[in-house]
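Every number in this text was worked out from the coordinates using simple rules, so none of it is lab data. The structure displayed is predicted, hence computed values, not measured ones. With ideal geometry, Cβ positions are generated from the backbone for all residues, glycine too; neighbour counts draw on all protein chains shown.
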Amino acid sequence: RPRVTRHTHTQPAKMVLAALVNMVAPAARIAPSRVASQRVAQALRVPAFRPRVAFHAARTVSAKYASEKKGDYPSMDFRIFFSEDGKAISPWHNVPLHNADGTVNFICEIPKETKAKMEVATDEELTPIKQDTKKGKLRDYPYNINWNYGMIPQTWEDPNHEHPTMKVMGDNDPVDVVEIGAAALPMGSISPVKPVGVYAMIDDGELDWKVIAISAADPKAGDINDVEDVEKHFPGELEKIRVWFRDYKTPDGKPQNKFGLDDKCMNKEYTMGVIEETSKFYQDLMSGKTENTKGLSLK
């Protein structure tokens, strides 16, 4: 919603302008009027008062939604639930994928420079955000992630679909996003982003796409329109992302993750194809065309 900053000194200004009108035409005894005041103001090169309106385009998406934290953080019981106009919603199912301006929506699960492994709980009703667990313990990355990390709503990596060249199946999750902007986005925030690239990470033999995107509100967003722009304005960042996701499991004694497509970060056209394909997989899941065999919550 536009924020209006109201002027607080309009009354004295009107009095001064009215006096000037009377000085300009005393014989005719012109009554001060809005038209006359504006003409005198223009003659004196003083702009007639208009309220200043500040537009905050980046807030248009997130302003529709609210999130509520329940339980202590960190804990097994901690959840972030979402709502729209007071009605409980799922961030996976009820937040739209696309925006009218060509951006897509991004649900931030893990703010940059944090390490708690938060995720949308796709097997719980309303799919709130929770902390992942392993062997009964809350799961953290071994070190901070250097970007905002989360997912694209209404997408799904189908575990029944084999990629035609990489010969691996989807990982049964929404598509992941690595958001490279300067600001740390709040956990549970919903932001429009510009997807510009994608890595085909292979994690435990499953395809786990990593979309590279930048918040539409970031100061550099206007300069970032395809993958080569990332290298130009964020030199070395793409390789840094690839290495981070390749190596983050190695401190626990696990092997490095691999990447398909010759380890390349693919361009925007390829990225949008991935998003559209996984959106179709999601639609087939929701319609029942693809059977829900993994216990996913579809509401």
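What to note about this one:
- Take the Cα radius of gyration of region 159-293 and divide it by 2.2 N^0.38 Å, N being the number of residues; the result is 1.10.
- Using only Cα coordinates, the Kirkwood hydrodynamic radius of region 172-219 works out to 11.8 Å.
- Computed from backbone phi with θ = phi - 60° and the Karplus coefficients 6.51, -1.76 and 1.60, the 3J(HN,Hα) list for region 151-157 is 9, 9, x, 6, 10, 7, 8 Hz; x is used for glycine and proline.
- Distance from region 271-299 to region 236-270 (C-alpha centre basis), Å: 25
- Contour minus Cα-Cα distance for Ala100 and Asp77 (0.36 nm per residue): 4.6 nm
- Local net charge near Phe78, Cβ-Cβ under 10 Å (Lys/Arg +1, Asp/Glu -1): +2
- Set Lys117/Lys220; Lys64/Lys87; Lys167/Lys232 screened for pairs whose C-alpha atoms are more than 21 Å apart: Lys117/Lys220; Lys167/Lys232
- Counted residue by residue at 0.36 nm each, then reduced by the alpha carbon distance between them, the extension gain from Met272 to Glu239 reaches 9.8 nm.
- Extended-chain gain in nm, criterion 0.36 nm per residue less alpha-carbon gap, Glu113 and Ala88: 6.1 nm
- Net charge of the neighbourhood of Tyr270, taken over other residues with C-beta under 12 Å away and scored Lys/Arg +1, Asp/Glu -1, is -2.
- Among beta bridges identified by DSSP and lying wholly in region 146-281, the antiparallel ones come to about 75 percent.
- Spacing of the modelled spin labels on Asn160 and Ala66, each 7 Å from Cα toward Cβ, amounts to 3.9 nm.
- HN-Hα J in Hz across region 288-299 - Karplus 6.51, -1.76, 1.60, θ = phi - 60°, x for Gly and Pro: x, 4, 9, 6, 7, 9, 10, x, 6, 8, 9, 8
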